[in-house]
Amino acid sequence: RSMPLQQCAIIVTLAMTQLAMHAHTAPAKEWPAPFQMDANLYDVFFVNDRTGWSVGDRGTILKTVDGGTSWHLQTTPVTCRLESVFFLDEFNGWAVGGYAVPYTHRAIGVVLQTTDGGATWVEKTTDFLPWLTKVVFLDNKRGFLTARPTAMFPSAVFRTEDSGKHWTPMPGVTTGGNDICFAPNG
């Protein structure tokens, strides 16, 4: 006995949605290095004149220790687009981005953290966040994110007081794109 076409379509859609929701966490090593080295890059951050990181498509994070003369691919736990990277010093940093869930009109935000200069990156996302576009930290505990605005998060700005384990939405409404910048003290 065959299944009605409508039931088949629902089962296939559910299976594809489940696959897509877990696809971003596939090890980045599944992308051949040439694909990551050819990824579009969206942000770069230097902690001094020699050491910096750049992030982009396919979970790509590149690091330089010679002022940008050469870049080396770092291993990440995600394969989604990363849009922003920020480091407090040569060891402590965060990278953020997101991915769209097919057939759902939803986007999921991703937060990565490193405490060893990017030798290892850990996914820190524990709260539901929309696709993230910028990350800035004031110290190891306090940080801010911007995101693509959604009906649930109209301000598209979030803060943390616990190194990014949990993110609280800020009140307000955005009028379009947003960014974060803090002026140095003094």
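Overview of values
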read-out	value
Single residue of Thr104, Thr125 found to be under 20 Å from Thr60 (Cα atoms) and either in a loop (DSSP other than H, G, I, E, B) or modelled with pLDDT under 90 (or both)	Thr125
Lone qualifier among Thr120, Thr75 - being closer than 22 Å to Ser163 by Cα and modelled with pLDDT under 95	Thr75
Residues of region 78-89 satisfying the condition of being touching a helix residue (DSSP H, G or I) at 6+ places or on another chain (Cβ under 8 Å) and open to solvent by 40 Å² or more (accessible area, probe 1.4 Å)	Arg81
Residue satisfying all of: in region 60-77; part of a loop (DSSP other than H, G, I, E, B) and over 21 Å from Lys124 (Cβ atoms); most open to solvent (accessible area, probe 1.4 Å) among these	Thr69
Candidate set from region 33-59 (those that are part of a loop (DSSP other than H, G, I, E, B) and modelled with pLDDT under 95); member that is surrounded by the most Cβ atoms within 10 Å (Cβ to Cβ)	Ala39
Search result, residues across region 47-84 that are of a type in the set (S, T, N, Q) and within 21 Å of Val136 (Cα to Cα)	Asn48, Thr51, Ser54, Thr60, Thr64, Gln74, Thr76, Ser84
Filter result (touching a residue at least 24 places away in the same chain (Cβ under 8 Å), among the charged types (D, E, K, R) and open to solvent by 70 Å² or more (accessible area, probe 1.4 Å)) within region 90-122	Glu90
Residue under evaluation Gly68, criteria (1) closer than 22 Å to Pro171 by Cα; (2) modelled with pLDDT under 95; (3) not basic (Lys, Arg), criterion not met	(1)
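The values are calculated or read from the model by the stated rules, or taken from the named source; none is laboratory data. Note that this is a predicted model, so its numbers are computed, not measured. Ideal geometry is used to build each Cβ from the backbone, glycine not excepted, and the neighbour counts take in all protein chains shown. For the accessible areas, the whole protein counts, side chains as well, though only heavy atoms, and no ligand, DNA or RNA atoms are used. Shrake-Rupley method; radii C 1.70, N 1.55, O 1.52, S 1.80 Å.
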